[in-house]
1. Per-residue HN-Hα couplings for the stretch 164-172, Karplus 6.51 cos²θ - 1.76 cosθ + 1.60 at θ = phi - 60°, whole Hz, x for Gly and Pro?
2. How many angstrom separate the Cα center of the stretch 25-54 from the Cα center of the stretch 96-122?
3. So what does the Cα-only Debye profile of the stretch 107-150 read at q = 0.19, 0.21, 0.26, 0.32 Å⁻¹, as log10 I(q)/I(0), no solvent term?
4. At a Förster distance of 30 Å, what's the computed FRET efficiency of W20 paired with L90, Cβ-Cβ distance as r, to 0.05?
5. Do any GluC sites (Glu not before Pro) in the stretch 72-161 lie in a loop, going by DSSP, with at most 13 other beta-carbon atoms within 10 Å of their beta carbon, and if so which?
6. Evaluate 2.2 N^0.38 Å with N set to the residue count of the stretch 112-196, then give the Cα radius of gyration divided by it.
7. In Å², what does the accessible area per residue of the chain work out to with a 1.4 Å probe?
8. Specify the residue with the greatest mean-square fluctuation among L31, L157, L75, computed from a Gaussian network of the chain linking alpha-carbon atoms under 10 Å apart.
Amino acid sequence: MDIIEEAKKIDLDLTHYEQWQMWAVGGAGLLLMFLGYKIKKIAFFIVWFLLGYIATGYLMPIINGAVAEIANNELWQSLLPIAGGLLLGLMGFMIEKVCLGGICFGLVIMMTAQYFGTEIQTMAIGAIIGTLAGGLAVMMMKPATIIATAVAGGYALTLSILALAPELDKESLFWPMIAGFSVLGAGAQFLICRHD
């Protein structure tokens with residue numbers, strides 16, 4: 001089976017993560033929502049770490065198919081997503097504009113894959129929208145940083161709540177929760193950072 005067929009089978013349901021992992025994602029989401037601009041460097045690290053961690057988790061079925069020794073080793077199953085998160089997280093300490101543009105692009109791609117699926121046409125549209133969002137963010141650094149960290153925090157918090165409370169209707173609550181948390185976080189950050 002080729003890699004594209006394997007990628008189409010990737011399960012984007014995060015309920016397979018352990019409960020402590022989802023609590024950590026939710027805590028990081030709260031931190032980003034309310035203090036993202038104040039802790040900009042740390043926030044970029046956290047956002048990139050979360051994107052890398054989740055993206056590596058999505059790729060684990062492909063990695064497991066390619067290297068059978070990894071598929072049978074629980075330690076590798078835990079360490080590889082953390083390594084992917086750390087690898088991208090270290091990018092958070094690099095150039096601010098590249099990080100902000102990349103965060104916006106990555107968020108759009110992650111939300112597209114999570115909610116609309118991973119078909120090639122859907123991902124191409126998500127990539128175009130992500131590129132536009134990244135370009136706009138770089139043009140407006142401070143407000144874009146606040147909004148991007150609030151949205152990233154809202155996204156992480158939404159994923160953790162929906163994974164920790166499986167009885168909630170994911171289909172109808174996904175976007176309203178992200179929007180509500182993002183607005184709440186951005187509003188709080190604009191108030192906190194109005195004199196910065």
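The values are calculated or read from the model by the stated rules, or taken from the named source; none is laboratory data. Everything numeric here is computed off the predicted structure, so don't read it as measured data. Quick reminder, even Gly has a Cβ in these numbers, built from the backbone with ideal geometry, and neighbours come from all protein chains shown. Ligands, DNA and RNA are stripped out before the accessible areas are found, and what is left, the full protein with its side chains, is counted by its heavy atoms. Shrake-Rupley method; radii C 1.70, N 1.55, O 1.52, S 1.80 Å.
1. 7, 10, x, 6, 6, 7, 4, 4, 8
2. The stretch 25-54 and the stretch 96-122 have Cα centres spaced 16 Å from each other.
3. Results for the stretch 107-150 at q = 0.19, 0.21, 0.26, 0.32 Å⁻¹ read -0.58, -0.67, -0.84, -1.02.
4. Values: r = 23 Å, r/R0 = 0.78.
E between W20 and L90, to the nearest 0.05, is 0.80.
5. On the way: sites: E74, E96, E119; in loops: E119.
Here the sparse-neighbourhood loop sites are E119.
6. Working: Rg = 14.7 Å, N = 85, 2.2 N^0.38 = 11.9 Å.
Here the answer is 1.23, to two decimals.
7. Heavy-atom accessible area per residue stands at 52 Å².
8. Answer for the Gaussian network model of the chain: L75.
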